[in-house]
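K.L.:
One structure is given below, represented as structure tokens, and several questions about it will come after.
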Amino acid sequence: MDDRSPQTQVILLRASSLICAIPLVHVVETMRPLPVRGFSGSPEFVAGMAIIRGRATAVVDLGKLLGEHGSGLLGRYVTIRVGTRHLALAVEGVLGIRALAESSLDPLPPLVGHLNDPLVERVGARDSELLVVLRASRVLPEEVWQRMTPEETP
């Protein structure tokens, strides 16, 4: 690895069988899961809404969003900022903060169909496991945002 390669600070998350990275600039906080109120008609990956810091916040099961089946016990929420909006990602765990070198990452191969392509920015490896770098701005598709908060705009 080239030590002069640009680096990005990320938070590493366990989402089912994947390790995901989100740039730290988008992370607001991590917390234990809170009660969630589901809504009929929501996509399977949207667990519902939780009250976080006095604000109704969408909760997304990151494993389900990435097409993983048999998502494990969701032990943490990671609240991220997407423009002016907040979103809680429900994950199995937070693995820590790490600097990722650009040289250690590759573009998403075009034949990988089970990952949500607009959501995944780059891929790499952490030890012997797949590392998926996510685009925070694409975690929740715009049409889902609009159904959940029609009065808000990005």
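The values are calculated or read from the model by the stated rules, or taken from the named source; none is laboratory data. These numbers were taken from a predicted model, which means no experiment stands behind them. Don't worry about glycine lacking a Cβ; one is built from the backbone with ideal geometry, like all the others, and counts go over all protein chains shown.
K.L.:
Under the condition of being in a strand (DSSP E or B) and free of Cβ contacts under 8 Å to residues at least 60 places away in the same chain, which residue from the range 83-111 is nearest to GLN7 (Cα to Cα)?
P.N.:
Among residues in the range 83-111 that are in a strand (DSSP E or B) and free of Cβ contacts under 8 Å to residues at least 60 places away in the same chain, the one nearest to GLN7 (Cα to Cα) is ASP106.
K.L.:
Something else now. In the range 18-58, which residues are outside any loop (DSSP other than H, G, I, E, B) and touching a Gly at 6+ places or on another chain (Cβ under 6 Å)?
P.N.:
Answer for the range 18-58, where residues must be outside any loop (DSSP other than H, G, I, E, B) and touching a Gly at 6+ places or on another chain (Cβ under 6 Å): ARG37, GLY48.
Rundown of residues vs (1) crowded, with 16+ Cβ neighbours inside 10 Å; (2) touching a strand residue (DSSP E or B) at 6+ places or on another chain (Cβ under 6 Å); (3) more than 22 Å from VAL10 (Cα to Cα); (4) at pLDDT 90 or above, yes/no style:
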residue: VAL59; (1), (2), (3), (4): yes, yes, no, yes
residue: HIS69; (1), (2), (3), (4): no, no, yes, no
residue: GLY75; (1), (2), (3), (4): no, yes, no, yes
residue: ARG81; (1), (2), (3), (4): no, yes, no, yes
residue: LEU89; (1), (2), (3), (4): yes, yes, no, yes
residue: ILE97; (1), (2), (3), (4): no, yes, no, yes
residue: ARG138; (1), (2), (3), (4): no, no, no, no
residue: GLU152; (1), (2), (3), (4): no, no, yes, no
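K.L.:
Do you know which of the residues in the range 30-46 that are more than 13 Å from the chain's Cα centre (by Cα) and at pLDDT 90 or above is surrounded by the fewest Cβ atoms within 10 Å (Cβ to Cβ)?
P.N.:
Among those residues, the one meeting the criterion is ARG32.
K.L.:
Do we find a residue being under 16 Å from LEU12 (Cβ atoms) and at pLDDT below 85 anywhere in the range 104-120?
P.N.:
Yes; the residues of the range 104-120 include at least one that is under 16 Å from LEU12 (Cβ atoms) and at pLDDT below 85.
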